[in-house]
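What follows is a single structure, written as structure tokens, with notes after it.
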Amino acid sequence: MKLPHKAHVALLDGENFTLFCNDGQALEPKLVEIESPSLDATNFSAGVRHQDDGGQKLGNTQLGELAHGAAATEWLNAKAIAGEIEALLIIADPKTLGEMRQHYHTELTKRVIGEIAKTLTGQPTKAIETAIIAAD
């Protein structure tokens, strides 16, 4: 995947949110961590559609994790609306990414240049860069 120079990369899972900026070229990303926003996961209605009987019986309903994804999206929405993010790649585990999509503002949607549905939190920066290069 081509990642434009100065594009932002949001790396998320149900508990972590790290933001990077590409200081490299489009085909040779060099990610630099720029900030780790403090989020308040308050939207616990975010995961209500995951409240099926099977998920509850097996303990697979993680409202806190889904609320974290919703809170991260609200933060990204605010940055996009303020014009602080021009191009954004989102990398998140599939469940978090699915929840995030439900909360994208129109302005954020315009700025999302790609999504990678993969858990890469906790990985070294080089591994994240490699995943970006390999993505379609």
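The values are calculated or read from the model by the stated rules, or taken from the named source; none is laboratory data. Since the model is a prediction, treat every value here as computed from it, not as a measurement. A quick note on method: Cβ atoms are made from the backbone with ideal geometry, for glycine too, and the neighbour counts reach across all protein chains shown.
Brief remarks follow.
Residue-by-condition table, conditions (1) within 18 Å of residue 7 (Cα to Cα); (2) in contact (Cβ under 8 Å) with a residue 40 or more places away in the chain; (3) not in a strand (DSSP E or B); (4) not small (Gly, Ala, Ser):
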| position | (1), (2), (3), (4) |
| --- | --- |
| 96 | no, yes, yes, yes |
| 103 | no, yes, yes, yes |
| 107 | yes, no, yes, yes |
| 110 | yes, no, yes, yes |
| 119 | no, yes, yes, yes |
| 123 | no, no, yes, yes |
| 131 | yes, yes, yes, no |
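- Residue satisfying all of: in the stretch 11-43; part of a loop (DSSP other than H, G, I, E, B) and charged (D, E, K, R); modelled with the lowest pLDDT among these: 40
- Here the condition is being farther than 18 Å from residue 118 by Cα, of a type in the set (A, V, I, L, M) and at pLDDT below 95; of 46, 72, it holds for 46 alone.
- Tally of residues being closer than 18 Å to residue 123 by Cβ and not hydrophobic (A, V, I, L, M, F, W, C) across the stretch 29-40: 4
- The residues in the stretch 67-80 that are more than 19 Å from residue 34 (Cα to Cα) and of a type outside the set (Gly, Ala, Ser) can be counted, and the count is 1.
- Every residue from the stretch 78-95 that is within 14 Å of the chain's Cα centre (by Cα) and within 10 Å of residue 111 (Cα to Cα): 80, 85, 87, 88, 89
- Within the stretch 17-31, being aliphatic (A, V, I, L, M) and within 16 Å of the chain's Cα centre (by Cα) holds for 19, 31.
- Test result for residue 65, buried (at least 18 other Cβ atoms within 10 Å of the Cβ), modelled with pLDDT under 95 and over 21 Å from residue 2 (Cβ atoms): yes
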